[in-house]
1. In the range 9-34, what count of residues is obtained for those that are in a helix (DSSP H, G or I) and either more than 30 Å from residue 48 (Cα to Cα) or modelled with pLDDT of 95 or more (or both)?
2. Among the residues of the range 38-57, is any of a type in the set (Asp, Glu) and within 27 Å of residue 101 (Cα to Cα)?
3. Give 41, 57, 63 a once-over and let me know the one that is hydroxyl-bearing (Ser, Thr, Tyr), loosely packed, with under 10 Cβ neighbours inside 10 Å and out of contact with any Asp or Glu (no Cβ under 8 Å at 6 or more places or on another chain).
4. Note down all Cβ pairs under 7 Å where the first residue falls in the range 83-94 and is within 13 Å of residue 28 (Cα to Cα), the second is exposed (fewer than 10 other Cβ atoms within 10 Å of the Cβ) and among the acidic types (Asp, Glu), and they're at least six residues apart or on different chains.
5. Restricting the range 43-95 to residues that are under 11 Å from residue 23 (Cβ atoms) and small (Gly, Ala, Ser), which is nearest to the chain's Cα centre (by Cα)?
6. Regarding residue 21, is this residue without any contact (Cβ under 8 Å) to a residue 40 or more places away in the chain, more than 17 Å from residue 92 (Cβ to Cβ) and of a type in the set (D, E, K, R)?
7. What residue, among those in the range 35-50 that are among the small types (Gly, Ala, Ser) and assigned to a loop (DSSP other than H, G, I, E, B), is farthest from residue 66 (Cα to Cα)?
Amino acid sequence: MPLVLQNLKKVLKPSGHVLFRDYAIGDFAQEKLIDKNQMISENFGVRGDGTCAFYFSEYILSSLFAREGYKTIEINTYCKEIVNRSRNIVMNRHWMRSIFCNQDPLDTQHASMLKPRC
């Protein structure tokens, strides 16, 4: 994950923004992986088709971006209860929606002239 954020920094303009949306801890899909003993480590699991899924918390996500020099503009965990009446299942879906800003340490003197500002 840090390598992805480093690569993003290479293509983002100074004060460029990253919009992020992904699974959050406690999502129904994570609970299913736990029930099937398909978790590789905490918050990281492998689905039946061999693909992997990571479940973020606000702290994990903001820390990950902060370590790579991004500023957190907004971070929220959204929850929605979905009912499947035909299967009589209640699915609690959780996901992260966040905005991070690229802070260019070499361009601090010009940062005040950039719009929008972080």
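1. Counting residues in the range 9-34 that are in a helix (DSSP H, G or I) and either more than 30 Å from residue 48 (Cα to Cα) or modelled with pLDDT of 95 or more (or both) gives 3.
2. no
3. It is 41.
4. Once the first residue is within 13 Å of residue 28 (Cα to Cα) and sits in the range 83-94, its partners that are exposed (fewer than 10 other Cβ atoms within 10 Å of the Cβ) and among the acidic types (Asp, Glu) give 90/81; 92/81.
5. Going through the qualifying residues, I end up with 57.
6. It is false that residue 21 is without any contact (Cβ under 8 Å) to a residue 40 or more places away in the chain, more than 17 Å from residue 92 (Cβ to Cβ) and of a type in the set (D, E, K, R).
7. In this case the residue turns out to be 48.
The values are calculated or read from the model by the stated rules, or taken from the named source; none is laboratory data. This is a predicted model, so every value here is computed, not measured. No Cβ is skipped: glycine too gets one built from the backbone with ideal geometry, and neighbour counts run over all protein chains shown.
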